[in-house]
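The values are calculated or read from the model by the stated rules, or taken from the named source; none is laboratory data. Every value quoted in this text rests on a predicted model; they were computed, and no experiment measured them. Cβ placement follows ideal geometry from the backbone for every residue including glycine, while neighbour counts extend to all protein chains displayed. Calculation scope for accessible area: heavy atoms of the full protein, side chains included, ligands and nucleic acids excluded. Shrake-Rupley method; radii C 1.70, N 1.55, O 1.52, S 1.80 Å.
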Amino acid sequence: MRDSHRTEVERLLSRAVEEEVRRSGGRTDGGVLLSRARGALDEMAATAAEEYGAYVRALDESDAGSRPLSERLSRGQLGTPALAATVAAAAAFGADLTYGTSAGTALGAGVT
């Protein structure tokens, strides 16, 4: 199990044990319960090793295919949408003026 996943599981186990001790009004020994949970965790991880391996491979593939936001929002990527929005705004402005709408209202429609 990856260290980050193991840390998250340990944190969740601790919270679950604390909640169980709270529910029992302190009658349950938290240390014993936590050690049992950790032992059961190791057994579950061993039986689910194949599935966990597939999950980790899928995570790695997903991370390899993602691009940073700066790359996705580069000038080359935004050029065509910006041009289309500008042309649409000019067309809306021009159409409103042609139909006799005031310049202020036509400008508002173009900006929108």
- Report the Stokes-Einstein translational diffusion coefficient (µm² s⁻¹, integer) for the chain, Rh taken as the Kirkwood radius over Cα pairs, at 4 °C with viscosity 1.567 mPa s. 64 µm²/s
- Query: How far is helix 30-47 tilted off the main Cα axis of the chain, in degrees rounded to 10, range 0 to 90?
  - Reply: 70 degrees
- State in Å² the accessible area per residue of the chain; use a 1.4 Å probe, count heavy atoms of protein chains only, and round to the nearest integer. 76 Å²
- Note on the structure: Projecting the Cα atoms of Val21, Leu33, Met44 onto the charge dipole of the range 1-93, where Lys and Arg contribute +1 and Asp and Glu -1 at Cβ, the residue farthest towards the positive end is Val21
- To the nearest 10 Å², what's Thr47's accessible area with a 1.4 Å probe? 120 Å²
- Task: Might you report the magnitude of the Cβ-based charge dipole of the chain about its Cα centre, with Lys and Arg at +1 and Asp and Glu at -1, to the nearest 20 debye?
- Result: 320 debye
- Would you mind calculating the relative contact order of the chain from Cα pairs under 8 angstrom and at least 6 residues apart, reporting the percent as a whole number? 15 percent
- Query: Looking at the range 21-111, which chymotrypsin sites (Phe, Trp or Tyr not before Pro) are in a loop (DSSP not H, G, I, E or B) and have at most 10 other Cβ atoms within 10 Å?
  - Reply: Tyr99
